[in-house]
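Structure first, then comments.
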Amino acid sequence: MQRRSLLSLAALPMLHAASPAAAQATTAGGGRVHTTTTPAARLHSYISPAAAAHVAAHVIEGPTGLVLVDGGWTPEARQDIRALLTSLGKPVQAVLLSHLHPDHWAGLAAAGLPEVLAGPTTAALLQRAGPAMAAAQKQPTTVPRVAIQPPGPLRLAGVDLLVSYVADTEAPEIMTVEIPGAATIIVQDIFYNRVHAYVSRQLDAWIAALKGLESRGPTTFLVGHGEPATAREIPRLIAYLETIRPLVATGTPNQAAVVAEMVRHFPDFAAPDLLALSLSRLPPA
Ligand SMILES: [Zn+2]
């Protein structure tokens, strides 16, 4: 197992650490790949550079294949994810899409992975709003074809998974994928780890969902923006959402003033442009 871990990671340039349990590599496109070996699966998290809001995609590597969760945003991310999948040398058995935002699916068409499993709300919203989202991307892309995945246990690539849906957080519906044999949950955009958030009008439900994650005991969270995290990083995001809540509570917020205030409060958070983008699209209170 150790030999295999090292060999496949060696396909990625600039190996920083070579522990068989956890390793990090820098990608050609300036992103990073974290790899963790667990009893149930190897887990690879691709994290794009700050210019792409550290958006993350994850690969669950089981004995018989790969499961990709989300598909990257920029052309660099598409190439990096493709290189990661190729380096692992196993077939992609399924692509799971966490939610409707195009920073998580714009790369799939170019990677030749146009079909995804997603939740019913995400499927309906993509059908309605997806073509306009695709047209607004800087690079050509198409909306993924969605087959609806019911919540519950799911076995893919020889790995037992548990799919759940969380409503009204950063997006109307976000899929979470638990890997019980790895004490890990892929929670995507419910959890921003030291990255400015794409804020919604559902801040109370979002904070409640984070408190639910916090109470789960020792768990690794693979997040939608930023590095893999533990529950220790959750209070920081709750504080972020509690700080922005009064700033966007009434009328149409002054976008530049809100961004400046949040940068002042959270100077170590990356990608304030993502916050600015969300404020420009926030429906009036
Ligand atoms: Zn996102």
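Within segment 185-206, residues that are more than 30 Å from Val159 (Cα to Cα) and among the polar types (S, T, N, Q) reach partners that are modelled with pLDDT of 95 or more and surrounded by fewer than 20 Cβ atoms within 10 Å (Cβ to Cβ) with beta carbons closer than 7 Å, at six or more positions or on different chains, in the pairs Gln202/Asp168. In segment 95-123, the residues that are of a type in the set (D, E, K, R) reach residues that are within 16 Å of the ligand (Cβ to nearest atom) and part of a loop (DSSP other than H, G, I, E, B) with C-beta atoms within less than 6 angstrom, at least six apart or across chains, in these pairs: Asp103/Trp73. Checking each residue in segment 84-116 for being more than 15 Å from Val143 (Cβ to Cβ) and of a type in the set (A, V, I, L, M, F, W, C) picks out Leu84, Leu85, Leu88, Val92, Ala94, Leu96. Answer yes if at least one residue in segment 182-196 is away from the ligand (no atom under 15 Å from the Cβ) and under 17 Å from the mean Cα position of the chain (by Cα), and no otherwise. Looking for residues that are away from the ligand (no atom under 15 Å from the Cβ) and under 17 Å from the mean Cα position of the chain (by Cα), one finds at least one in segment 182-196, hence yes.
Please enumerate the residues belonging to segment 166-197 that are of a type in the set (Asp, Glu), over 18 Å from Ile47 (Cβ atoms) and assigned to a loop (DSSP other than H, G, I, E, B). Correct list: Asp168 only.
So, in segment 103-131, exactly how many residues are part of a loop (DSSP other than H, G, I, E, B) and within 16 Å of the ligand (Cβ to nearest atom)? Show your work before the answer.
Applying the first criterion (part of a loop (DSSP other than H, G, I, E, B)) to segment 103-131 yields 105-114, 119.
Applying the additional criterion that residues be within 16 Å of the ligand (Cβ to nearest atom) yields 105-108, 119.
Total meeting the criteria: 5.
A Cβ distance below 7 Å, combined with a sequence gap of six or more or placement on separate chains, defines the contacts here; from segment 34-57, residues that are under 19 Å from Glu76 (Cβ atoms) and at pLDDT 95 or above reach residues that are part of a loop (DSSP other than H, G, I, E, B) and acidic (Asp, Glu) in the pairs Ile47/Glu227; Ala57/Asp70. The one condition from (1) surrounded by fewer than 21 Cβ atoms within 10 Å (Cβ to Cβ); (2) within 15 Å of Pro235 (Cβ to Cβ) that Asn193 does not meet is (1).
Taken over segment 198-233, the criterion of being of a type in the set (Phe, Trp, Tyr) and either within 15 Å of Ile60 (Cβ to Cβ) or in a loop (DSSP other than H, G, I, E, B) (or both) is satisfied by Tyr198, Phe221.
State which residue is nearest to Pro246 (Cα to Cα) when the search covers only segment 200-221 and only residues that are out of contact with any Lys or Arg (no Cβ under 9 Å at 6 or more places or on another chain) and of a type in the set (A, V, I, L, M). Break it down into steps so the answer makes sense when it comes.
At the first step, the residues of segment 200-221 found to be out of contact with any Lys or Arg (no Cβ under 9 Å at 6 or more places or on another chain) are 200-202, 205-206, 208-221.
Of the ones still in play, those that are also of a type in the set (A, V, I, L, M) are 205, 208-210, 213.
Working: Ala205: 15, Ala208: 17, Ala209: 19, Leu210: 19, Leu213: 24 Å.
Among those residues, the one meeting the criterion is Ala205.
Per the conditions (1) within 16 Å of the ligand (Cβ to nearest atom); (2) of a type in the set (Gly, Ala, Ser); (3) without any contact (Cβ under 8 Å) to a residue 24 or more places away in the chain, the sole criterion not satisfied by Ala231 is (1). Residues that are within 16 Å of the ligand (Cβ to nearest atom) and outside any loop (DSSP other than H, G, I, E, B) within segment 17-57 comprise Ser45, Tyr46, Ile47, Ala50, Ala51, Ala52, Val55, Ala56, Ala57, listed in sequence order. Ala167 versus (1) buried (at least 16 other Cβ atoms within 10 Å of the Cβ); (2) under 30 Å from Leu203 (Cβ atoms): which is the lone unmet condition? Only one criterion in (1) buried (at least 16 other Cβ atoms within 10 Å of the Cβ); (2) under 30 Å from Leu203 (Cβ atoms) is unmet by Ala167, namely (1).
Report whether or not Gln93 is at pLDDT 95 or above and assigned to a strand (DSSP E or B). Against the criterion (at pLDDT 95 or above and assigned to a strand (DSSP E or B)), Gln93 qualifies.
The values are calculated or read from the model by the stated rules, or taken from the named source; none is laboratory data. Everything numeric in this text was worked out from a predicted model, so none of it was measured. Cβ: placed from backbone, ideal geometry, glycine included. Neighbour counts: every protein chain shown.
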